[in-house]
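Input: a single structure, listed below in structure tokens.
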């Protein structure tokens, strides 16, 4: 059944390979997808509670030597393994191409393991002239490799449905501070500058407001920049690897409509708690 053309926000539990062909063509102004990165392992996120203890027991030591006991509250995850990653991804990208409006844009979020292969795939599906940007999201948290340069960035490939006719509203993008404000004068420094194709942004903090406990959750600031630039209020935004629902949360904040798809019931559980009342779950 095709998605009814009404102003609703939808979350669908299902395999995106099955759900996407049911959606009407040219119905989405923006598609942001953060597919599994094919790391070859199970991605997990544990949520714990910590309680101070006065008898010297506990499994953690805090400020002043005080001991704390931790207990696991929940554990969420998914298997991130694909034998034929490009063969799995290609039909999904062809569906993305079909679903975009004439002025629409695809943002595909990937990491270093598959980025160079995926770029060639997107060139084949969208056309090399439809390539708009390679955005680098740089951060500085996580493990520290001892035998190589630590990997501290993701890649976001940006492709448009119609070269030269895409929407890009730079005035809607939140500006960032100049690194050397004294060199640009007080007026420019107060206004800030537009971001470039390298985005320095922290990951979701373990104790932050955004944290849902879902693995590999992306920060709202990254998605907000994308939604602001490449869609307008009232436009429909699609994310078919929705995970924790960040795309829907940001779309709702900015007055966009959203369709989210995920095959993991744990993701649907997280989104049900996170997204606005009135969201339709199917």
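The values are calculated or read from the model by the stated rules, or taken from the named source; none is laboratory data. Just so it is clear, the structure is predicted and the values come from calculations on it, not from any experiment. Every residue, glycine as well, gets a Cβ built from its backbone with ideal geometry; the counts of neighbours run over all protein chains shown.
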Do we find that residue 211 is surrounded by fewer than 18 Cβ atoms within 10 Å (Cβ to Cβ) and closer than 21 Å to residue 153 by Cα in this structure? yes
From the list 214, 159, which one is in contact with a helix residue (DSSP H, G or I) (Cβ under 7 Å, 6 or more places away or on another chain), within 23 Å of residue 245 (Cα to Cα) and either assigned to a loop (DSSP other than H, G, I, E, B) or not assigned by TED's automatic domain parsing to the domain that holds residue 255 (or both)? 214
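Have a look at 242, 229 and point out the one that is touching a helix residue (DSSP H, G or I) at 6+ places or on another chain (Cβ under 7 Å) and not in a helix (DSSP H, G or I).
242
Of 109, 116, 166, which residue is assigned by TED's automatic domain parsing to the domain that holds residue 232 and either out of contact with any strand residue (DSSP E or B) (no Cβ under 6 Å at 6 or more places or on another chain) or in a helix (DSSP H, G or I) (or both)?
Within the list 109, 116, 166, the selection yields 116.
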Inside the range 119-152, can you point out the residues that are part of a strand (DSSP E or B) and under 18 Å from residue 33 (Cβ atoms)? 131, 132, 133, 134, 135, 136, 137
Residue hits (the range 266-282; closer than 14 Å to residue 12 by Cβ and buried (at least 18 other Cβ atoms within 10 Å of the Cβ)) are 267, 268, 271, 275, 279
Being over 16 Å from residue 109 (Cβ atoms) and without any contact (Cβ under 8 Å) to a residue 12 or more places away in the chain narrows it down to one residue among 277, 252; which is it? 277
Would it be correct to say that residue 243 is surrounded by 21 or more Cβ atoms within 10 Å (Cβ to Cβ), in the same structural domain as residue 101 (by TED's automatic domain parsing), at pLDDT below 95 and under 19 Å from residue 96 (Cα atoms)? yes
Please go through the range 200-217 and pick out each residue that is touching a strand residue (DSSP E or B) at 6+ places or on another chain (Cβ under 7 Å) and farther than 17 Å from residue 269 by Cα. 200, 201
Since residue 91 meets every condition but one in (1) at pLDDT 95 or above; (2) surrounded by fewer than 18 Cβ atoms within 10 Å (Cβ to Cβ); (3) part of a strand (DSSP E or B), which condition does it not meet? (3)
If you take the residues in the range 1-17 that are at pLDDT 95 or above and assigned to a loop (DSSP other than H, G, I, E, B), which one is surrounded by the most Cβ atoms within 10 Å (Cβ to Cβ)? 9
